[in-house]
1. For segment 185-203, enumerate the residues that are outside any loop (DSSP other than H, G, I, E, B), surrounded by fewer than 22 Cβ atoms within 10 Å (Cβ to Cβ) and not aromatic (Phe, Trp, Tyr).
2. Consider Tyr182 against the criteria (1) at pLDDT 95 or above; (2) closer than 25 Å to Gly141 by Cβ; (3) surrounded by 22 or more Cβ atoms within 10 Å (Cβ to Cβ): it satisfies all of them except one. Which criterion is unmet?
3. Within segment 265-290, restricting attention to residues that are touching an Asp or Glu at 6+ places or on another chain (Cβ under 6 Å) and assigned to a strand (DSSP E or B), which residue is modelled with the highest pLDDT?
4. Of the conditions (1) farther than 20 Å from Arg258 by Cβ; (2) assigned to a loop (DSSP other than H, G, I, E, B), Val178 clears all except one; give me its number.
5. Just need a number here: residues in segment 226-268 that are farther than 22 Å from Thr198 by Cα and exposed (fewer than 15 other Cβ atoms within 10 Å of the Cβ).
6. For segment 103-161, which residues satisfy the criterion of being farther than 15 Å from Leu84 by Cβ, open to solvent by 40 Å² or more (accessible area, probe 1.4 Å) and not in a strand (DSSP E or B)?
7. Among the residues of segment 65-87, which ones are at pLDDT 90 or above and outside any strand (DSSP E or B)?
Amino acid sequence: MKNRMIRLIPVLALLASFALSACEKMVLDEETTVVEQEGNVTIKASMFNIVPFDDTRAVQNIADYCTRLCFVVYKDDTQVKKVLQKAGDSGFGQVSVPLEPGTYQLLVLAHSSNGNPSLTTPEKLQFANSDGFSDTFYYYGDLEVTGDSQIREVTLQRASSLVRIIATDEAPAEAARVHLFYTGESGVFNAVTGWGGTVNSQQSVFVDINHESPQQVLDAYTFLRNETGELKIDITVHDAAGNILSEKILDHVPLKNRMVTEYRGNLFSESVNEESFSFKAETSWEVFEQHTF
């Protein structure tokens, strides 16, 4: 088995070196975009059977797990209807839109980022580093519209993959947050192909330290461009003033599409211990492959 590399870096880097946005230019849709809520086509995306990365129960209601929904209808590569919903909105998970008879393409995107991605084209759903990344689900397919009223129920599937970093040591009192800067896969999702964007993204996430918690858990979501992939993750620990307290790099982190890879090990100290990655399947998250360093 190929050895994976983990190395601890002296505290030399500057925070500014990681204040980079994704490689692709970001264009976000306006959150105020609405369309008529009464129409001849009703789309329902309220029920799906996806297991959360951090649980073994099956999620049944989309409102239990995602905070944002994007319903977008395209025709001839042009966006013709769009409805953006937030958790708590009336009718969350269902929309009705007026459409003339014809063949359209329907995108339903569910996520919990702080803002929606660009939705101009289903081939480039680009999330912003400033909004963060989350577990993401989608449906994309043809929508045949007749002159009669119709109801279309869609089942969403997971689009994202996850690296979960679980610290086995205690965070120092002066630690305020952790910065994850990772490259190798994509912050852009192509709903037509079901894969991440073709350009290698630079993804960046800040996670606040919870000193009341006995264990710090850091999540790095991404979209794989193939069935398997890998990330390089630079982890820096900062104090409240933004000074870097420590830095650690996880190199060649293995991933599998729509699955979670877990890392357990010392994050805040330089003590040497055994660390490992493990994959968990989407259905029950049982471990079926493990890499030990």
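The values are calculated or read from the model by the stated rules, or taken from the named source; none is laboratory data. Keep in mind it's a predicted model, so treat the numbers as computed, not measured. For neighbour counting, all protein chains shown are included, and Cβ atoms are generated from backbone atoms with ideal geometry for every residue, glycine included. All accessible areas refer to the heavy atoms of the entire protein, side chains included, with ligands and DNA or RNA removed. Shrake-Rupley method; radii C 1.70, N 1.55, O 1.52, S 1.80 Å.
1. So the first thing to find is which residues in segment 185-203 are outside any loop (DSSP other than H, G, I, E, B), and the list is 186, 188-190, 195-196, 202-203.
When the remaining residues are screened for being surrounded by fewer than 22 Cβ atoms within 10 Å (Cβ to Cβ), the result is 190, 195, 202.
Answer for segment 185-203, where residues must be outside any loop (DSSP other than H, G, I, E, B), surrounded by fewer than 22 Cβ atoms within 10 Å (Cβ to Cβ) and not aromatic (Phe, Trp, Tyr): Asn190, Gln202.
2. Tyr182 satisfies every listed condition except (2).
3. To start, the set of residues in segment 265-290 that are touching an Asp or Glu at 6+ places or on another chain (Cβ under 6 Å) comprises 265-266, 268-269, 278-279.
From what's left, assigned to a strand (DSSP E or B): 265, 278-279.
On the way: Gly265: 84, Ser278: 60, Phe279: 58.
The residue in question is Gly265.
4. (2)
5. Summing the residues that are farther than 22 Å from Thr198 by Cα and exposed (fewer than 15 other Cβ atoms within 10 Å of the Cβ) in segment 226-268 gives 4.
6. The answer is Thr121, Glu123, Lys124, Ser130, Thr146, Gly147, Asp148, Ser149, Thr155.
7. At the first step, the residues of segment 65-87 found to be at pLDDT 90 or above are 66-76, 78-87.
Answer for segment 65-87, where residues must be at pLDDT 90 or above and outside any strand (DSSP E or B): Cys66, Thr67, Asp76, Ala87.
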